[in-house]
Amino acid sequence: MSISIDERVTDEVEALQAILMDDVKIKMVDGVPEIIETIVHPSTGDNTDQQFVCVTLEVKLTPGYPEKSPEVFLRNPRGLDDDILDEIKKQVKQKLEECLGQPVVFELIGLIRENLTESNLPSGQCVICLYGFAEGDVFIKTQCYHYFHSRCLASHLIAGKENYEEEVEKLPHWQKISAPPYQQTCPVCRSNVQCDVDALKTAPPSVDSISAPPFRLTAELKALQLKMAALLAQQVAKGGVVGVGDTGPPPLTITTPADHDAAANGSSSSAEGAKAAAIVAPRPAPPPAASASDAAAAEPTRRVPYRGFNRRGKPGRRGRGAGAAR
Ligand SMILES: [Zn+2]
Ligand SMILES: [Zn+2]
């Protein structure tokens, strides 16, 4: 290595790697450590199930560090509201000033961890029921650090599975047998999750949902309804809404060639067992490459992959929002 690196920096990086191991990422540029990144969690001993918040700390070592302060970024905060984040940022700034001239990354990690430990409670609301988290609530943190009332998440996952099964049921046999098994996903970020729905659904409903006053359609809500209806009409007019209303053809319809012929003849009977099912897509699609063995190649129906299924692994979810999260 020809470039001389400050010994304090090499020592710090080595110590970080020795202590945090895989939990720290060091980005090197021309043999010089430039970015140190680590996810900071609250201290909960070995009990990672009880960590409801976290944040990614990114430290960019400026030339001249540690005589000059590094640039510090807090990314991907989970379970932290803006007030807490602002407070942490304020303390980080202070710490950088205090520690000028000495390595500061461990100090920053400690400071952030302390704050996270104090704020180790979900803030904000459960996106499923839109109520907050109150004392006495039973809630769960997913592997992706999103949290929900346990019972809400159970309802969401049960509804998601039912919806999946319903949609699979509508598929032709050949697609049905190759359909991937249902996979639970987080209603916020769609990461795969693994939850014990039976255990979750035994949890009580959220405290705030029980004590909330009954729903009333206020003048304010009526005004909002009108505003949203106008917005929807505008989107429909522009063709930006998929799968809404029952006027016109459904946006994505699975048919067999026989269905196509039947539809062309004004009949709606369907033929079972047709091998080559086709999709009538709402938008024109380029014609597929003709295959010699494909008897249906001359068939006028556009044949495109069932994109709603293959791309998302979930049939029929196109434009329908996030199930029970709505
Ligand atoms: Zn909830
Ligand atoms: Zn998530």
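Which of the residue pairs K25/K60; K27/K95; K60/K89 have a Cα-Cα distance greater than 21 Å in the structure shown?
Values: K25/K60 12 Å; K27/K95 23 Å; K60/K89 15 Å.
Table pairs above 21 Å Cα-Cα are K27/K95.
Sticking with the crude label model, points 7 Å out along Cα→Cβ, report the distance from K222 to I5 in nm, one decimal please.
6.9
Give the residue list of trypsin sites (Lys or Arg not before Pro) in segment 156-200 that are DSSP loop and have at most 14 other beta-carbon atoms within 10 angstrom.
On the way: sites: K161, K170, K176, R190; in loops: R190.
When the trypsin sites (Lys or Arg not before Pro) of segment 156-200 are filtered for loop state and at most 14 Cβ neighbours within 10 Å, R190 remain.
Percent relative contact order of segment 125-212, based on C-alpha pairs within less than 8 angstrom and at least six residues apart? Before the final figure, lay out each step's value.
On the way: 107 pairs, mean separation 35.8, N = 88.
This gives 41 percent for segment 125-212.
Excluding same-chain residues fewer than 8 positions from K201, which lysines have a Cα within less than 25 Å of its Cα?
Candidates past the 8-residue exclusion: K141, K161, K314.
On full extension of the chain, what length is gained from T62 through I39, given 0.36 nm per residue of separation minus the C-alpha to C-alpha distance?
So the extension gain works out to 6.2 nm.
Per residue of segment 75-92, in order, report the coupling 6.51 cos²θ - 1.76 cosθ + 1.60 (Karplus, θ = phi - 60°) as ³J(HN,Hα) in whole Hz, putting x for Gly and Pro.
10, 6, x, 10, x, 10, 8, 4, 4, 5, 4, 4, 4, 4, 4, 4, 5, 4
Report the gain in length on full extension from E162 to M21: 0.36 nm times residue separation, minus Cα-Cα distance, nm rounded to one decimal. Before the final figure, lay out the partial values.
Values: separation 141, 0.36 × 141 = 50.76 nm, distance 4.22 nm.
Extra length available between E162 and M21 comes to 46.5 nm.
Report the label-to-label distance for C144 and E87 in nanometres (one decimal), using points 7 Å from each Cα along the Cα→Cβ vector.
Reported label-point gap for C144 and E87 is 2.8 nm.
Could you compute Rg(Cα) / (2.2 N^0.38 Å) for segment 127-244, with N its residue count? Provide the component values of the computation, followed by the final result.
Details: Rg = 18.4 Å, N = 118, 2.2 N^0.38 = 13.5 Å.
Compactness ratio reported: 1.36.
Using DSSP to call loops (not H, G, I, E or B), can you name the GluC sites (Glu not before Pro) in segment 77-154 whose Cβ has at most 16 other Cβ atoms within 10 angstrom? Please report the intermediate quantities before stating the final value.
Details: sites: E87, E97, E98, E107, E114, E118, E135; in loops: E135.
Here the GluC sites (Glu not before Pro) that fit, given the DSSP loop and packing criteria, are E135.
All of the numbers you see were taken from the coordinates with simple rules; none came from a lab. Nothing here was measured: the structure is a model prediction, and the numbers come from that model. All Cβ positions, even for glycine, are placed from backbone atoms using ideal geometry, and neighbour counts span all protein chains on display.
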